[in-house]
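Participant: Quick one: this structure, given as structure tokens, is what I'll be asking you about.
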Amino acid sequence: MSFQLNSAKRLDVEYENCFTGIVHASSIRSWLFTELPRLSSKAVSMCSLWDMLDQKYVVIRLLALIVVVQIVGLAVVATQLSPTPDEFPNLVAGLSYLQSGRYDLYSVNPPPIKVVAALPAQLAGFRVPKVNLEARRPEFEAGLDFWREHGSAAEWQLVFSRWICSLFSVFGTLGVFRLSLQMSKCRVALLASLFWALSPLVLAYGPLISFDVASCTAVIWATSMILDWVRYPNFTNSLAAGISMGLAVSIKSSCLVLFLLLPIWSALAVVARNSCDAAEQQKCSRSRLFLSIIPHSLLIVATGLIFLNMCYRFQDSFAALGAFKFQSQLLGGKDVGQRDSPYANRFADRVYAYLPIPVPTPFVAGIDLQKRDFEQEHPAYRWGKIRRRGIWYFYAFGYAHKLPIGILCLLPLGLFRLFKRWESCLGLILIPSVFFLLISSQTGMNDHFRYAVIFLGQLLIVAAIGLDFLLSRSRYLLAGICGLSIISAPLAYFPFFQAYTNEISGGTYMTAERVGANTVDWYQGWWAAREFIDARLDAGETIIVFQTRWIEPLLSVYERLPLQQELLPERLTLILPTTARQLELSGSTTFSQTIGRPVATIAGGVEIYGVSPAQVNELNRLEFYSLRRSLDSE
């Protein structure tokens, strides 16, 4: 800082001397060709814009500006997206927890996000509809019933809940800044925060009632706290690491891998003692002794488990391992579904069957239910064909389509610089790699790319380090091209960022063909589609739709009529979600192979086709309706 102040003072002197030279010079022309170039070169070298980003007051102001812009953007996006299939089920599950203390609705994920989202609805007096608990996943039908019962009031309540859930994305910006600051300079932290705030994946899933961006935020903060503990394993850092890891697990159960990596962190904490310089050796020697690492590690585990149990109000905690009823083959064994009861327990006859499990029973039941869903083979739509199982590289392929080109180019450069420090390898390489291997191994159901958002923050930090590498090597043109693609390219999809694909992917249509329709379509554009339908109905066109149960409440403002072939005009306007492409008609024939490509797309997830009655007749296995304005709306 003193160097910067001295440089500024010298620059002021230069300006003063130059001004005096102008006044007393006999010719202004001589000043223009001699003094001005000399002064400009010194100004650029002393106070370059890139070096100014390491000044504290500049960093604080720019970070505040990024946060404000992000909050406004998330608030606007939350009002434009139509309800997605998971949101009303999550909202109802949160209401059920607040009103009756039940955990059996949407039990595959822990309650905190659902509770936070349901707080506005609870204060507004909404009640949980009647739930059929005998169903396999009763929360989805309960969510639809809640939507049908309250109509537009439920949609406005959804927007209020989205605004609250958007705060997790803002906390993610701050977490990315803190973690980047532990790895590099302030300017890298600012770049990473900007990449996060403008990321199409964050803007797509951050404003929704979902667990993806929130879990990524929790992982970022947990990683930051873990690095603090590895460097200085004292009581305060152990407590902070335990709370952050417990919070991550209470948002998404897959974050349990953070606890499984604790032996590696403990070993690194011991190794890190050798990296202390002589001045710090005496100060940190007590806290870095090997024997002191063990109680600190136990404190982390205990704190995390206590936090997790508190989220479930300690319901049936410490139950015996053999007392659980599992539905998945991983935990239940091969006898699942083969006896009179659909439940089993592979540990019931073991010696350790009476071992108490220090987590709530509903938490274990949620993990078991999620694993059962992954074990069942879900048909996957890849390369325009129906495949019986997923592929292990689905999430890597999805990132290649969903990340901006600039990020993809900067990642190798950032990785090249990271291998010089073990802290960087731990926080930005090891943890994302473990998450990637975990989710990629579940090929039974990998239609939803959003599961991979959990390690997005680390990727953006690596990209920011790569951009700093280019700027430090004076590769300004390359850095400008990468930065411009990162910042500007996603804005063309505003506010429907779920449909974003980068320039080399071939656009939304080709991404849906290669990676799967759920990658670009999560029913986010049907509020915008209603405006299109209104305009076409006013023009006298015949609109037909293929409805799923998620679209039916959105189109409840129209009257549905069965199709009558003899009354249909020669040309029809067919509207359907992009996900309808993966419907199998007969054999391996799909929807898109029958009717071709759409003539237009709304919000990247609603496709418009021009079809004839004969083509509609070929799709007789599916149920279509024609729309007309409801008498109430008229």
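The values are calculated or read from the model by the stated rules, or taken from the named source; none is laboratory data. All values derive from a computational prediction rather than experimental measurement. Virtual Cβ from ideal backbone geometry, glycine too; neighbours counted across all protein chains shown. Surface accessibility is based on the protein's heavy atoms, side chains included, excluding ligands, DNA and RNA. Shrake-Rupley method; radii C 1.70, N 1.55, O 1.52, S 1.80 Å.
Participant: Give the residue that is nearest to A396 (Cα to Cα), with candidates limited to residues of segment 408-454 that are among the polar types (S, T, N, Q) and assigned to a helix (DSSP H, G or I). Before you say what the answer is, go through the steps one by one.
Facilitator: Applying the first criterion (among the polar types (S, T, N, Q)) to segment 408-454 yields 424, 433, 440-443, 446.
Now restrict to residues that are assigned to a helix (DSSP H, G or I): 424, 433, 440.
Values: S424: 21, S433: 11, S440: 9 Å.
By that ranking, first place goes to S440.
Participant: Return the pairs, sorted by first residue and then second, in which the second residue is assigned to a strand (DSSP E or B), the first residue lies in segment 369-380 and is closer than 18 Å to G332 by Cβ, the beta carbons are less than 9 Å apart, and the residues are 6+ apart or on different chains.
Facilitator: From residues that are closer than 18 Å to G332 by Cβ, the pairs are K371/F326; R372/F326.
Participant: Could I ask something else about it? If you check every pair at least six apart or on different chains, which have Cβ atoms under 8 Å apart with a residue in segment 568-581 that is closer than 14 Å to G540 by Cα and at pLDDT below 80 first and a residue that is assigned to a loop (DSSP other than H, G, I, E, B) and among the polar types (S, T, N, Q) second?
Facilitator: These pairs meet every condition: L568/T542; P569/T542; E570/S612; R571/S612; L572/T542; L572/S612.
Participant: Exactly one condition in (1) at pLDDT below 95; (2) closer than 30 Å to C482 by Cβ; (3) open to solvent by 10 Å² or more (accessible area, probe 1.4 Å) is not met by W221; state its number.
Facilitator: Only one criterion is unmet by W221, namely (1).
Participant: Would you say P295 is modelled with pLDDT under 90 and surrounded by fewer than 19 Cβ atoms within 10 Å (Cβ to Cβ)?
Facilitator: Numbers: modelled with pLDDT under 90: yes; surrounded by fewer than 19 Cβ atoms within 10 Å (Cβ to Cβ): yes.
Yes.
Participant: Would you say V92 is more than 21 Å from W522 (Cα to Cα) and either touching a Lys or Arg at 6+ places or on another chain (Cβ under 6 Å) or of a type in the set (A, V, I, L, M) (or both)? Spell out how you get there, then give the answer.
Facilitator: Working: more than 21 Å from W522 (Cα to Cα): no; either touching a Lys or Arg at 6+ places or on another chain (Cβ under 6 Å) or of a type in the set (A, V, I, L, M) (or both): yes.
So V92 fails the test.
Participant: Among the numbered criteria (1) open to solvent by 30 Å² or more (accessible area, probe 1.4 Å); (2) modelled with pLDDT under 85, which single criterion is violated by M310?
Facilitator: (2)
Participant: I'm trying to understand the selection: among the residues of segment 240-264, which are over 21 Å from the mean Cα position of the chain (by Cα) and part of a helix (DSSP H, G or I)?
Facilitator: We begin by selecting, within segment 240-264, every residue over 21 Å from the mean Cα position of the chain (by Cα); these are 240-243, 259-264.
A240, A241, G242, I243, F259, L260, L262, P263, I264, listed by residue number.
Participant: Let me ask another. Whether any residue in segment 152-175 is modelled with pLDDT under 90 and in a helix (DSSP H, G or I) is what I want to check.
Facilitator: The initial filter retains those residues of segment 152-175 that are modelled with pLDDT under 90, namely 152.
Next, from what is left, pick out any that are in a helix (DSSP H, G or I): 152.
Yes, that holds for at least one residue.
Participant: Scan segment 613-620 and tell me whether some residue there is open to solvent by 70 Å² or more (accessible area, probe 1.4 Å), within 29 Å of G507 (Cα to Cα) and either assigned to a loop (DSSP other than H, G, I, E, B) or at pLDDT 70 or above (or both). Break it down into steps so the answer makes sense when it comes.
Facilitator: Step one: list which residues in segment 613-620 are open to solvent by 70 Å² or more (accessible area, probe 1.4 Å), which gives 617-618, 620.
After this cut, where a residue has to be within 29 Å of G507 (Cα to Cα) as well, the list is 618.
Now narrow it down to the ones that are either assigned to a loop (DSSP other than H, G, I, E, B) or at pLDDT 70 or above (or both): 618.
The answer is yes; a qualifying residue exists.
Participant: Residues of segment 207-239 being assigned to a loop (DSSP other than H, G, I, E, B) and within 19 Å of I113 (Cβ to Cβ), which ones?
Facilitator: P207, L208, I209, S210, F211
Participant: Something else now. Which numbered condition trips up T501, out of (1) outside any helix (DSSP H, G or I); (2) surrounded by fewer than 20 Cβ atoms within 10 Å (Cβ to Cβ)?
Facilitator: Result: T501 fails condition (2) only.
Participant: Related question: Which of the residues spanning segment 443-470 are open to solvent by 20 Å² or more (accessible area, probe 1.4 Å), modelled with pLDDT of 85 or more and over 18 Å from the mean Cα position of the chain (by Cα)?
Facilitator: Residue satisfying the conditions is F469 alone.
Participant: When the residues of segment 94-125 are filtered to those that are open to solvent by less than 30 Å² (accessible area, probe 1.4 Å) and within 16 Å of H150 (Cβ to Cβ), which remaining residue is nearest to the chain's Cα centre (by Cα)?
Facilitator: Ranking the qualifying residues of segment 94-125, first place goes to A117.
Participant: Related question: Given the conditions (1) at pLDDT below 75; (2) under 30 Å from D447 (Cα atoms); (3) part of a loop (DSSP other than H, G, I, E, B), report the number of the one that S592 does not fulfil.
Facilitator: Failed condition: (3).
Participant: Here's a follow-up. Say whether the condition of being touching a residue at least 40 places away in the same chain (Cβ under 8 Å), in contact with a helix residue (DSSP H, G or I) (Cβ under 6 Å, 6 or more places away or on another chain), part of a helix (DSSP H, G or I) and open to solvent by 30 Å² or more (accessible area, probe 1.4 Å) is met by at least one residue in segment 187-206.
Facilitator: Yes, the conditions are met somewhere in segment 187-206.
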